[in-house]
Structure formats: C-alpha cells, structure tokens
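The values are calculated or read from the model by the stated rules, or taken from the named source; none is laboratory data. What you are looking at is a predicted structure, and each value in this text was computed from that prediction instead of being measured. Cβ: placed from backbone, ideal geometry, glycine included. Neighbour counts: every protein chain shown. SASA here: full protein model, heavy atoms, side chains in, ligands and nucleic acids out. Shrake-Rupley method; radii C 1.70, N 1.55, O 1.52, S 1.80 Å.
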Amino acid sequence: MESAIRYDDLHTTLVRLDYDEDAAGYHGALCGTLCVMNPDEINPQELLTPGEENLKVPDTESRNLLARLLDQSLRSLQDDENGFTPLLPDDEALLAARVQALSAWCEGFLFGLASRPRFDIETCSEEAREIIQDFTQFTRASVAQDDDLEIEENAYAELVEYIRVGAQLIYMELRRQPTPDPGTSARLH
C-alpha cells in the first residue's frame, strides 16, 4: 500500500518548483477543485500557476507526487468512514504555524470551489453555505502571543475536525448524482 503524502513532502516538492504559497493552501485548492470538477479534468500542475509566471516545470518526481496527492485526496474525500484529513503540519510544529496553515488550507479550498464555473453557492444547501461561510471566517484565524496555549490547542483541534467533516460534507453534496427527472425515467410495466 502506498504511504500517504505528508505536509512536509508536499512542501518540499512545492519549494523545489519555486511555489511561494503554503503547501496546505495547495492541498485546500486541490480539495475544493475536486468538489466541483471530475478528477480526470484536473491537472494538478495548473493549480500551481494562477498568476505565477516563473514557476519551474515540474520534473517527473514532482508530477508523480502531485498526481498521487490528487488520487489520495479524492479517495479520502470519498471515504464513507470519514477518512478525510486536511494536509496540515504535524502537531510538533508551533501552534502559530499550524494555525497559519489551517487558514491557508481554507483559503485554498474556497479558491478551488469558486474558481470553477460549475460552482454556484445559491444551489448549495443551507448547511453547505454555512460551512463555506465558516471556512471564510477561518481564513482569518491567528494566535496571539498572550493567548492560553492549552485553550488554543483545543480550539485548533476542534477547527481541524470541523474542517475535516465540513469539506467532506461539501464534497458529498456537490458530487452527488442528480436525481433523474421523473418525466424522463423509464417505467416498469
């Protein structure tokens, strides 16, 4: 079985490609895009290039990692056992860095949703619209130096769990198969 791609693996690949944004933001954009596009329509390298003219052309190793990330992200979003997890720094990283990555992930996810022509927030359920609104609020998350770190660690863990479940709910809602029109369905006689 292929090992899961870690935040540091993606970060290293993106640095090698001169990508300046956070690896969590890239993963968020990929997941948001998976919510509104078929996987075979997604070129993971194109997510690197909005507004970037001087990125390096991905080598074979980088292309393979990005393709594996797309596949792993899709499988985890489809996992009925709630197997999805946003790609964020490990718990050993400073809380401020993890919160910044969480913020970047949410921003990337919203970009992935909104930058695709098939996404219309007005067609979403009230629950999905609320999740998207919450993700928008999370893009401004931060930790102040005088905050109680234990309380902030617990709040961070709750946000990660909310994002994990929220992203998967949005994926499931947007990727569900439309119900056939009763007037066009075949009748059994």
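Roughly to the nearest percent, how much of the accessible area of the chain is carbon and sulfur, given a 1.4 Å probe? Walk me through the numbers on the way to the answer.
Details: 5520 of 11350 Å².
Accessible surface attributable to carbon and sulfur in the chain totals 49 percent.
Which of D148, D80, D134 moves the most in a Gaussian network model of the chain with Cα springs under 10 Å?
Between D148, D80, D134, it is D148 that shows the largest mean-square fluctuation.
Which longest run of the chain has no exposed loop site in it, a site being trypsin sites (Lys or Arg not before Pro) in a DSSP loop with at most 15 other beta carbons within 10 Å, and the site itself not part of the run? Mind dumping the intermediate values first?
Working: sites that count: R6, K56, R118, R140, R176, R187.
Formally, the longest exposed-site-free interval is 57-117.
If I model the stretch 1-117 as equal point scatterers sitting on the Cα atoms and use the Debye formula, what is log10 I(q)/I(0) at q = 0.14, 0.18 Å⁻¹?
At q = 0.14, 0.18 Å⁻¹ the computed log10 ratios are -0.54, -0.93.
For the stretch 29-179, rounded, prolate or oblate, judged on the Cα gyration tensor with a ≥ b ≥ c (square roots of eigenvalues), a/c < 1.5 rounded, else prolate if a/b > b/c?
Numbers: a/c = 1.71, a/b = 1.20, b/c = 1.43.
It is oblate, given that a/c is not under 1.5 and a/b is not larger than b/c.
In square angstrom, what is the accessible area per residue of the chain with a 1.4 angstrom probe? All intermediate terms of the calculation are to be shown ahead of the outcome.
On the way: 11350 Å² over 189 residues.
Value for the chain: 60 Å² per residue.
Before anything else, pin down the relative contact order of the chain: Cα pairs under 8 Å, at least 6 apart, normalised by residue count, whole percent. Each step should come with its number before you reach the end.
On the way: 203 pairs, mean separation 56.2, N = 189.
The normalised contact order for the chain reaches 30 percent.
Say a site is exposed when it is one of the GluC sites (Glu not before Pro), sits in a DSSP loop, and has at most 13 other Cβ atoms within 10 Å; what is then the longest site-free stretch of the chain?
Working: sites that count: E2, E52, E53, E81, E92.
With GluC sites (Glu not before Pro) excluded where exposed in loops, the chain gives 93-189 as its longest stretch.
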